[in-house]
Amino acid sequence: MSSAPENAKAIAADVLVLGASFAGVELVYQLHRRAAAKPPKIVVVDRDREHGYLPLVQERLVGTIDPATTLLRTAAYIEGLPRARFVQGEIVEVDARGRAAVLADGTRITARVLVIALGSVLAPPPSIPGGERMLAHKSPQQLAALRQRLAEVYASADADARVVVVGGGISGCELAGELASLAARTERPWPGVPKVTLVASTDRLVPILHPRVGVRAKAALVEQGVDVRLGARVVAVEGGAVELAIAGRRERLDAAVVVWTGGIAPAPLVAALDVDRTPAGWIAVGPTLQCFPTRGPAEVFACGDAVRVLGGDGEWPTMQRAIECIWQAKVVARNALALLDRSDERDADHTGLHPHRPRPQFAYGVSLGARSLVVYGWLCVGVSWINRWFRRWLMRQYFARYPVVASPVASTSPRG
Ligand SMILES: Cc1cc2nc3c(=O)[nH]c(=O)nc-3n(C[C@H](O)[C@H](O)[C@H](O)COP(=O)(O)OP(=O)(O)OC[C@H]3O[C@@H](n4cnc5c(N)ncnc54)[C@H](O)[C@@H]3O)c2cc1C
């Protein structure tokens, strides 16, 4: 680890949590819930003090929902808990075996238990020429840049330039649907109405769900005016156009805005960690969500989007979704508290910890602009208003889990 500047701060904790999104904040909640009488000293680090609610990110983008009501005040929640501290900063170095992290300002934080919850980034693979021209909508900075670009392009009422959404998964379908549904709305964030093309390299939409869902999602999007291109791969992005490869031929498509939703990658810092990784670069953890499940320091955990669980026959089918983060955070909290309870001489003991449980079947709500699908296995029901209401209710329930007790200053963050 590099030497810190002379005036750098040093902080010591029982539990150090790196990342405060779905996985990190839930871990804090679970530690407090399970050790309410005597909570451990927790330090949480994230570059952002607030977190926009990602499941409704497409609605936040186009203003179907007020962005101010969709921000979790993460730091304020943590700061309101006894023995918990939120540190805003950029983590630049992690010594997993040493259970320490260094921030960009030189602050060094050490702990008995380290939890890595650094998540993922929505970023196109570097192999696509011109890929850097694609925008995205996960981080606050990405969301703001996309919103600004859309505002520029659709500033005038007769602007009907094309938005190309790349990626036929749930996020791509939801974004394409929300953009297309603007045509039927009287109140719009911009005077112009985008033409929307959804490009998927697969031969059906939402391939992680039952084929029926793909068929119904496509029909709902086409009905709202989305031009859906299946089996089409983006091979290059130029200023004002994308080049597609479709069944051996090339096609150039005019595109004023190109948005990548086609897959996530590990947070950049993950590549520099002294832990095992899968071939795709994700943190490899054992079923107990430990980074060193059999040998090495027992007190190093990772959870959330950043991890892939290896155990039994290989990689477990985890969902990389918010609910998975919550399930994993519960397991980590339980195991972390168990290790903190052990005496020092049992430090290296890896036994007796609880495993995460894969749950391959789970219900999904897929919003498609004015339409929605609720999906469980092969069951797929179109219940638009219920799904929209339910997802907002879910968000409020989620926020209620992390209440802000005392807050002298209301948040004025403009960031989505
Ligand atoms: C467009 C989109 C739509 C989605 N919709 C849904 C949905 O409808 N339902 C659902 O269940 N899931 C949805 N998901 C998935 C869900 O958002 C993720 O599973 C979840 O965000 C993962 O949480 P996490 O805590 O593991 O990491 P992330 O949410 O990726 O957060 C990682 C955190 O670590 C911080 N961080 C990373 N590196 C550093 C660093 N070097 N220094 C400081 N801080 C750092 C980041 O600031 C961030 O707060 C969606 C995802 C996307 C991208």
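The values are calculated or read from the model by the stated rules, or taken from the named source; none is laboratory data. Only a predicted model underlies this, so the values are computations on that prediction, with no experimental measurement involved. Methodologically, a virtual Cβ is constructed for each residue, glycine included, from the backbone with ideal geometry; neighbour enumeration extends over all protein chains shown. For accessibility, only protein heavy atoms count, side chains too; no ligands or nucleic acids. Shrake-Rupley method; radii C 1.70, N 1.55, O 1.52, S 1.80 Å.
Considering region 303-319, and only residues there that are more than 16 Å from the ligand (Cβ to nearest atom) and open to solvent by 50 Å² or more (accessible area, probe 1.4 Å), the residue that is farthest from Ala333 (Cα to Cα) turns out to be Asp313. With respect to the stated conditions, Pro140 fails to be away from the ligand (no atom under 14 Å from the Cβ), under 21 Å from the mean Cα position of the chain (by Cα) and in contact (Cβ under 8 Å) with a residue 24 or more places away in the chain. Hey, does region 319-335 have a residue that's more than 15 Å from Gln30 (Cβ to Cβ) and either at pLDDT 90 or above or among the polar types (S, T, N, Q) (or both)? Taking every residue of region 319-335 in turn, at least one turns out to be more than 15 Å from Gln30 (Cβ to Cβ) and either at pLDDT 90 or above or among the polar types (S, T, N, Q) (or both).
Among the conditions (1) crowded, with 18+ Cβ neighbours inside 10 Å; (2) more than 10 Å from the ligand (Cβ to nearest atom), the only one that Leu27 does not satisfy is (2).
Based on this model, can you work out whether Val196 counts as in contact with a strand residue (DSSP E or B) (Cβ under 9 Å, 6 or more places away or on another chain), crowded, with 20+ Cβ neighbours inside 10 Å, not acidic (Asp, Glu) and not in a loop (DSSP other than H, G, I, E, B)? The answer is yes for Val196. Might you let me know whether region 95-103 holds any residue that is open to solvent by 60 Å² or more (accessible area, probe 1.4 Å) and over 17 Å from Ser21 (Cβ atoms)? Taking every residue of region 95-103 in turn, at least one turns out to be open to solvent by 60 Å² or more (accessible area, probe 1.4 Å) and over 17 Å from Ser21 (Cβ atoms). When we screen Ala101, Ala8, Ala111, Ala68 for residues that are under 29 Å from Ala136 (Cβ atoms), away from the ligand (no atom under 14 Å from the Cβ) and aliphatic (A, V, I, L, M), the only hit is Ala68.
When the residues of region 320-334 are filtered to those that are among the β-branched types (Val, Ile, Thr) and more than 8 Å from the ligand (Cβ to nearest atom), the one that is least open to solvent (accessible area, probe 1.4 Å) is Val332. The residue of region 359-372 that is surrounded by the fewest Cβ atoms within 10 Å (Cβ to Cβ), among those that are farther than 19 Å from Leu182 by Cα and of a type outside the set (Phe, Trp, Tyr), is Gln361.
Say we look at region 163-180 and pick out the residues that are of a type in the set (Gly, Ala, Ser), away from the ligand (no atom under 11 Å from the Cβ) and assigned to a helix (DSSP H, G or I); which of these is surrounded by the fewest Cβ atoms within 10 Å (Cβ to Cβ)? Among residues in region 163-180 that are of a type in the set (Gly, Ala, Ser), away from the ligand (no atom under 11 Å from the Cβ) and assigned to a helix (DSSP H, G or I), the one surrounded by the fewest Cβ atoms within 10 Å (Cβ to Cβ) is Gly177.
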